[in-house]
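Peer 1: Mind having a look at this structure? Questions to follow.
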Amino acid sequence: MTSGRAVPHPLLKRPLPFFTALVALAILAWYFWPRSDVGPVVPNRPESQALSAASPSTTSNPNSKPSPPASAEVSHLADTLNSPSTDIHADLRVVGDILTTFRTNFPHDGNPVGDNAEITATLTGRNQLHLALIPPGHAAINAQHELCDRWGTPFFFHAESGTRMAIRSAGPDKKMWTADDVVLPP
Amino acid sequence: MKKSAVPDLSRRHFIGATCCAAVGATGFLSSLASLRLIGAVAPATTDYKALVCLFLQGGNDANNLIVPTGNDYAAYAAARSNLALPQTGLLPIAPKTSDGRTFALHPAVPELQGLFASGQAALLANAGTLVFPTTLAQYKSASVPLPPQLFSHSDQQVQWQSSVPDKPSTTGWGGRLADLVNAFNTNNQISMSISLAGTNFFQVGNLVDEYAVTTNGAVTMAGATSNATSLDGVRYKAQKDLFAQSQPGLFDAAFAGISSGAISHGELLASVLAGAPTLTTAFPSTSVGNQLKMVARLISTASNLNLKRQIFFVQLGGWDTHASQLDSTDPTAGTHAGLLAQISAGINAFYNATVELGVASQVTTFTASDFGRTYRSNGDGSDHGWGNHQIVVGGAVKGTDIYGKIPTLTVNGPDDTGQGRWIPTTSVDEYAATLATWFGVSGTDLQTVLPNIGRFAHPNLGFLS
């Protein structure tokens, strides 16, 4: 038979620091636990594909080997590009929105790089996700695989930064750097 | 019973002792770091050296700075079409080493031609941002990582100035170099990193601050005057007194400290510049001329400020010429010719000023730019490229030579990624390492300044003695 009070466990002598640390650990674990409810969503794409678009660094090489666009990837972002019912300003906004969507899906890479043909190739699916924001057979793409304005002149892409791309149309005179050029941003 | 050799330690004693040890170790490690810094700049000398970075913002088309002549001219003219310079006006050069091809300089740079001929200028061919040495085959197969956002202005400017293209960097290689060699500057009274072109990434360091001045000298507060009886003088003194007072909060104290420092540095520099010798060398009245003239004046005051190492940043914009590169009626005129003429005359005057000051062999000027430009004309001008040629000038330069390798000047040739965007054959790291080594950084400490230098074969390109 024992006499006197039982010696409490050291942790129970001062429970407050112990439980504070426990709570802090729990909060940290909750904060850093991988979550599946975030990530950019591509228009007209199944959510599972959009989620996979967020992670890899995929487009740093503008000359990476062509990959066939995935048949499931159907984007309607370029549907109104060069449409008779719109104008060049709307066209430039469409191309600008396509670039924005591209950046959303490749946040580590920013804009596609290179000249018009390389940028067009990237936007038509030559990227690791086979993400074709412009259908490869779009009427705005010429025989040299360049994206053209409504007068048939390739757009001029001016990379100011990884997230800023000026887009220039030569306008109806089809001659760059003249008064009728239209540029986004103006 | 014999007492244990290990003293009884309570938790309170243990924590207390640990804190004391940590504080003591801090001082020890700090001393070690200082010793390391001093050791890094071997040998310990009392000499003066300055590096002057002339950044050509926008992307210089150096394909028209160094032009192939002789048998290669026809191919040049065909590829560049409307951008081609007439062969008759080109300024011939005779590099000490030759790969069999002959070259000449743009007609707008006669001063540079003279410096090259007399041995004070060298050219560095096809330098650019690289993560690893890269061949065309590797580029095509995407088998090596490339610098992100090639051909983008701001990204390539930052990568040229940080020399760390493969990861986000918070410092420039000039700033890291200053952090390392600032040990030379005992009791210096202003920063060794001075910019004539405002804030820039190149000079951002962890320890040494950038100090921006104008072509007129120190930036002082509006209305600053030593006339204590004038209204401005009373206000100026009141502002200084306010900043000098003890501040209650951290932000207040930091703001007051920075403001006080700026005021005192400005006053000191203005005073020192007022007593500086008048340079007899004439500088052109251009942006580059005025910036370099102030750099020369600052160099003349270095000893008064206890500065034995200085890094300057000078910048000229406007190189993103696109359609305005050449005059449509005279290919030797136009925006590009004007810019080249400006840097040629400015660099020449600056070199002459360093001769006048007796520090020509202690000052090295070098160019950098966002990127090169496409060899093939887009019909109007040139577009964003990659590898580019650079200029190095100074008394320590082993001049009259072209370092590195001028690419095979063929569109879709072995050095071309398309449109005549040359894959760099010399990395920014190698270029910077050569300059840093001349500045006093030992081989073992180069990686502190240039973390990726170990990936490249030539940490010293040999253009400086």
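Peer 1: Determine the sum of side-chain charges near B:Ser195: Lys and Arg each +1, Asp and Glu each -1, restricted to other residues whose C-beta is under 12 angstrom from that of B:Ser195.
Peer 2: Neighbourhood net charge equals -2.
Peer 1: Below 14 angstrom from the Cβ of B:Tyr375, what's the summed charge of the other residues (Lys, Arg +1; Asp, Glu -1)?
Peer 2: -2
Peer 1: When B:Leu136, A:Leu184 are ordered from fewest to most other Cβ atoms inside 10 Å of their Cβ, what list results?
Peer 2: Exposure proxy ranking, most exposed first: B:Leu136, A:Leu184.
Peer 1: Give the distance, in whole Å, between the Cα centre of region B:272-349 and the Cα centre of region A:84-101.
Peer 2: 43 Å
Peer 1: Could you give the distance between the Cα centres of region B:96-155 and region A:103-179, to the whole Å?
Peer 2: Here the two parts' Cα centres lie 28 Å apart.
Peer 1: Can I ask one more? As an exercise, identify the chymotrypsin sites (Phe, Trp or Tyr not before Pro) in region B:305-388 lying in DSSP coil whose Cβ has no more than 14 other Cβ atoms within 10 Å.
Peer 2: none
Peer 1: Still on this structure, I have one more. Taking the Cα centre of region B:94-245 as origin, work out the dipole magnitude from +1 charges on Lys and Arg Cβ and -1 charges on Asp and Glu Cβ, in debye rounded to 20. Write out the running numbers ahead of the final one.
Peer 2: Values: 8 positive and 9 negative charges, 24 e Å.
Computed about the Cα centre, the dipole is about 120 debye.
Peer 1: Of the beta bridges DSSP finds with both residues in chain B, what % are antiparallel, to the nearest 5?
Peer 2: 40 percent
Peer 1: Still on this model: From other protein chains only, count the Cβ atoms within 10 Å of every residue's Cβ in B:148-159, then give the mean.
Peer 2: Taking the mean over all residues of the peptide, I get 6.
Peer 1: Continuing with this model, one more query. Calculate the FRET efficiency for B:Thr170 and B:His458 from the Cβ-Cβ distance with a Förster distance of 35 Å, rounded to the nearest 0.05.
Peer 2: Using R0 = 35 Å, I get an efficiency of 0.85.
Peer 1: Can you tally the net charge around B:Gly89? Count Lys and Arg as +1, Asp and Glu as -1, for every other residue whose Cβ sits under 14 Å from the Cβ of B:Gly89.
Peer 2: Residues close to B:Gly89 contribute a combined charge of -2.
Peer 1: Listing A:Phe106, B:Phe255 from the residue with the fewest other Cβ atoms within 10 Å to the one with the most, what is the order?
Peer 2: Lowest to highest Cβ neighbour count: B:Phe255, A:Phe106.
Peer 1: Each label point is 7 Å from the Cα along the Cα-to-Cβ direction; what then is the distance between the points at B:Thr329 and B:Thr225, in nm?
Peer 2: 5.2 nm
Peer 1: Same structure again: Assigning unit charges at the beta carbon (Lys, Arg +1; Asp, Glu -1) and nothing else, what dipole magnitude in debye, to the nearest 20, does region A:70-186 show about its Cα centre?
Peer 2: 80 debye
Peer 1: Then there's this: State the Cα centre-to-centre distance between region B:437-454 and region B:373-410 in whole Å.
Peer 2: About 25 Å separates the Cα centre of region B:437-454 from the one of region B:373-410.
Peer 1: Residue separation times 0.36 nm, minus the C-alpha to C-alpha distance between B:Tyr48 and B:Asp232: what's the value?
Peer 2: Working it through step by step, the gained length comes to 62.3 nm.
Peer 1: Now for a separate question. For chain B, with only Lys/Arg (+1) and Asp/Glu (-1) charged at the beta-carbon, what is the dipole magnitude about the Cα centre, in debye rounded to 20?
Peer 2: 1340 debye
Peer 1: Using just the helices of chain B, give the 222 nm mean residue ellipticity in deg cm²/dmol: DSSP H runs with n ≥ 4 each add -39,500 (n - 2.57), and the total is spread over all residues, rounded to 500.
Peer 2: Roughly -11500 deg cm²/dmol at 222 nm, from the helical runs in chain B.
Peer 1: Could you tell me which residue out of B:Phe251, B:Asn306, B:Thr280 lies farthest along the dipole of region B:230-345 toward its positive end? Charges go on the beta carbon: Lys and Arg +1, Asp and Glu -1, centred on the Cα centre.
Peer 2: Highest projection toward the positive end goes to B:Asn306.
Peer 1: Can you compute the FRET efficiency between B:Ser141 and A:Phe19 using 1/(1 + (r/R0)^6), with r the Cβ-Cβ distance and R0 = 35 Å? Round to the nearest 0.05.
Peer 2: The calculated FRET efficiency here is 0.05.
Peer 1: Additional query: Would you mind checking the tilt of helix B:287-300 against the longest principal axis of the Cα atoms of chain B, expressed as 0 to 90 degrees and rounded to 10?
Peer 2: 40 degrees
Peer 1: Please turn the phi angles of region B:426-440 into ³J(HN,Hα) values with the Karplus equation 6.51 cos²θ - 1.76 cosθ + 1.60 (θ = phi - 60°), one per residue in order, whole Hz, x for glycine and proline.
Peer 2: 10, 8, 4, 4, 5, 4, 5, 5, 5, 5, 5, 5, 4, 6, x
Every number here is computed from the coordinates shown, using simple stated rules; none is lab data. Keep in mind the model is a prediction, meaning the values are calculated, not measured. Cβ atoms come from the backbone with ideal geometry, glycine included; neighbour counts cover every protein chain shown.
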